[in-house]
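Asks: Dropping the structure in here first, questions after.
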Amino acid sequence: MSGNITFTIIKPFAVSNGYIGPILNKIHQGGFRISAMRMLWLTRGEAERFYEVHEERPFYKDLVEFMTSGPIVVAILKKENAVEDYRKLIGATDPEKAEEGTIRKEFAESMRANAVHGSDSDDNAKIEGSFFFSGLQQF
Ligand code: GDP
């Protein structure tokens, strides 16, 4: 059964380009409710821990470098079938392959600076959400 939460990050570059508002608008238009949200700047250690699953991938160091290059916005989003629907709304990892109207198509710069993160499973949505937010911070 699919869950009703997903976790997202508005990545550096999208934040520094002033896209927080436009991306949140897309999220709202997509029928998601914000359950928790805050802005922060990840330390290297935090980014390494968050992306631990990608440790063996060739782009890991670059990903950590990029994700610590400026402030980000993290949020837990609620909607029925949240994980799958949000992956649809953000589009493919590579913005050149993302469909028209998706967040990555409109706001991503490159594979590296691809505007947003979205959880890839219900289990990861819970793990990622609780990495940043306690139960008391979720509404
Ligand atoms: P996602 O689930 O669509 O975000 O994609 P992945 O889980 O495969 O990758 C995680 C993140 O790593 C992506 O969102 C990109 O920011 C970054 N990434 C993936 N592939 C590459 C790559 O080939 N080069 C670089 N520099 N970054 C990548």
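The values are calculated or read from the model by the stated rules, or taken from the named source; none is laboratory data. This structure is a prediction, so every number in the text was calculated from the model and none was measured. Neighbour counts are summed over all protein chains in view; Cβ atoms, including those assigned to glycine, are modelled from backbone coordinates with ideal geometry. Note: accessible area is taken over every heavy atom of the protein model, side chains too, but ligands, DNA and RNA are not part of it. Shrake-Rupley method; radii C 1.70, N 1.55, O 1.52, S 1.80 Å.
Asks: Using the crude model of +1 on Lys and Arg Cβ and -1 on Asp and Glu Cβ, and no other charge, please compute the dipole size for the chain relative to its Cα centre, in debye to 20. Please list the in-between numbers first.
Replies: Numbers: 17 positive and 20 negative charges, 91 e Å.
Charge dipole of the chain: 440 debye, to the nearest 20.
Asks: Going by the alpha-carbon gyration tensor, a ≥ b ≥ c the square roots of its eigenvalues, is region 43-139 rounded (a/c under 1.5) or, if a/c is not under 1.5, prolate (a/b greater than b/c) versus oblate?
Replies: oblate
Asks: Please compute the length gained on full extension between ASP94 and SER110, using 0.36 nm multiplied by the number of residues separating them and subtracting their Cα-Cα distance.
Replies: 5.1 nm
Asks: Choose one of PRO12, PRO22, LEU63: the residue whose Cα lies farthest towards the positive end of the charge dipole of region 5-137 (beta-carbon charges +1 Lys, Arg; -1 Asp, Glu; about the Cα centre).
Replies: Ranked along the dipole, the leading option is PRO22.
Asks: Sticking with this structure for a sec: Using the charge dipole of the chain (Lys, Arg: +1 at Cβ; Asp, Glu: -1 at Cβ; taken about the Cα centre), state which of LEU77, VAL53, GLY118 has its Cα farthest towards the positive end.
Replies: Farthest towards the positive end: LEU77.
Asks: Ordering SER16, SER2, SER110 by accessible area with a probe of 1.4 Å, largest first, what comes out? Provide the component values of the computation, followed by the final result.
Replies: Details: SER16 95, SER2 65, SER110 40 Å².
Output order, biggest surface exposure first: SER16, SER2, SER110.
Asks: Rounded, prolate or oblate: which one fits region 1-84, using the alpha carbon gyration tensor with axes a ≥ b ≥ c (rounded when a/c is under 1.5, else prolate when a/b beats b/c, else oblate)?
Replies: Cα axes put region 1-84 in the oblate bin.
Asks: Do the alpha carbons of any pairs in LYS97/LYS126; LYS105/LYS126; LYS26/LYS79 sit beyond 24 Å of each other, and which pairs?
Replies: Working: LYS97/LYS126 28 Å; LYS105/LYS126 26 Å; LYS26/LYS79 14 Å.
Where the Cα-Cα span goes over 24 Å, the pairs concerned are LYS97/LYS126; LYS105/LYS126.
Asks: Just need the relative contact order of the chain here, percent rounded to a whole number, with Cα pairs under 8 Å and 6+ apart.
Replies: 38 percent
Asks: Once every DSSP H run of n ≥ 4 in the chain is given -39500 (n - 2.57) and the sum is divided by its residues, what mean residue ellipticity at 222 nm do you get, rounded to the nearest 500 deg cm²/dmol?
Replies: -10000 deg cm²/dmol
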